[in-house]
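The values are calculated or read from the model by the stated rules, or taken from the named source; none is laboratory data. Just so it is clear, the structure is predicted and the values come from calculations on it, not from any experiment. In this analysis, Cβ positions are derived from the backbone assuming ideal geometry, glycine residues included, and neighbour counts consider all displayed protein chains.
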Amino acid sequence: MDIFCKIISGEIPAYKLYEDDIVLAFLDINPQTNGHTLIIPKKHFLDIDDIDNETLKKITETARYIKKLISSKLDCDGITFVQNNGECEEVKHYHLHVIPHYKEKQELLDVIDVYNKLKDENLKEK
């Protein structure tokens, strides 16, 4: 069982920003920048060749929501979406990185501090 499956099952805690029956979005615990978020399907898929179109669509919809959340609450200047496959995929479970960019260099905050700025009181918990 990979680390993302353990997060989905609740075996490992995560700073959740969005959750529904299909996907989970949570802050990366080793972020490149403040607000670096991962979006994963709850069903295990290896990579882009393995995942179905409906799940991809839901991940894209979630990415839009996370982009708006990060942009409005962290005032970033841009967002990069990254999805790795094969050898460059560190965790062998499909995931999309949402990485904010800032014109001015930002001090990397503790993940809990970023979470407190981003958390949505209306987060649907499972």
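Looking at region 95-103, can you tell me whether even one residue there is surrounded by 12 or more Cβ atoms within 10 Å (Cβ to Cβ) and of a type in the set (Lys, Arg)? Looking for residues that are surrounded by 12 or more Cβ atoms within 10 Å (Cβ to Cβ) and of a type in the set (Lys, Arg), one finds none in region 95-103, hence no.
Take the conditions (1) assigned to a loop (DSSP other than H, G, I, E, B); (2) surrounded by 17 or more Cβ atoms within 10 Å (Cβ to Cβ); (3) touching a residue at least 60 places away in the same chain (Cβ under 8 Å); ALA14 misses just one of them, which is (3). What are the residues in region 17-32 that are in a loop (DSSP other than H, G, I, E, B) and either touching a His at 6+ places or on another chain (Cβ under 9 Å) or of a type in the set (Phe, Trp, Tyr) (or both), if any? Matches in region 17-32: ASP28, ASN30, GLN32. Of all residues in region 65-78, one or more are of a type in the set (A, V, I, L, M, F, W, C), surrounded by 14 or more Cβ atoms within 10 Å (Cβ to Cβ), closer than 14 Å to THR37 by Cα and in contact with a Lys or Arg (Cβ under 8 Å, 6 or more places away or on another chain).
Restricting attention to region 1-13, which residues are among the small types (Gly, Ala, Ser) and over 20 Å from LYS58 (Cα atoms)? Result: GLY10, single match.
Yes or no, residue by residue, for (1) in contact with a Ser or Thr (Cβ under 9 Å, 6 or more places away or on another chain); (2) modelled with pLDDT under 95; (3) among the charged types (D, E, K, R):
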| site | (1), (2), (3) |
| --- | --- |
| ASP2 | no, yes, yes |
| ALA14 | no, no, no |
| LEU17 | yes, no, no |
| VAL23 | yes, no, no |
| LYS43 | yes, no, yes |
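Looking at region 18-63, which of its residues are touching a residue at least 60 places away in the same chain (Cβ under 8 Å), surrounded by 16 or more Cβ atoms within 10 Å (Cβ to Cβ) and within 21 Å of GLU107 (Cα to Cα)? LEU27, ASP28, PRO31, THR33, ASN34, GLY35, HIS36, THR37, LEU38 - these are the residues of region 18-63 that are touching a residue at least 60 places away in the same chain (Cβ under 8 Å), surrounded by 16 or more Cβ atoms within 10 Å (Cβ to Cβ) and within 21 Å of GLU107 (Cα to Cα).
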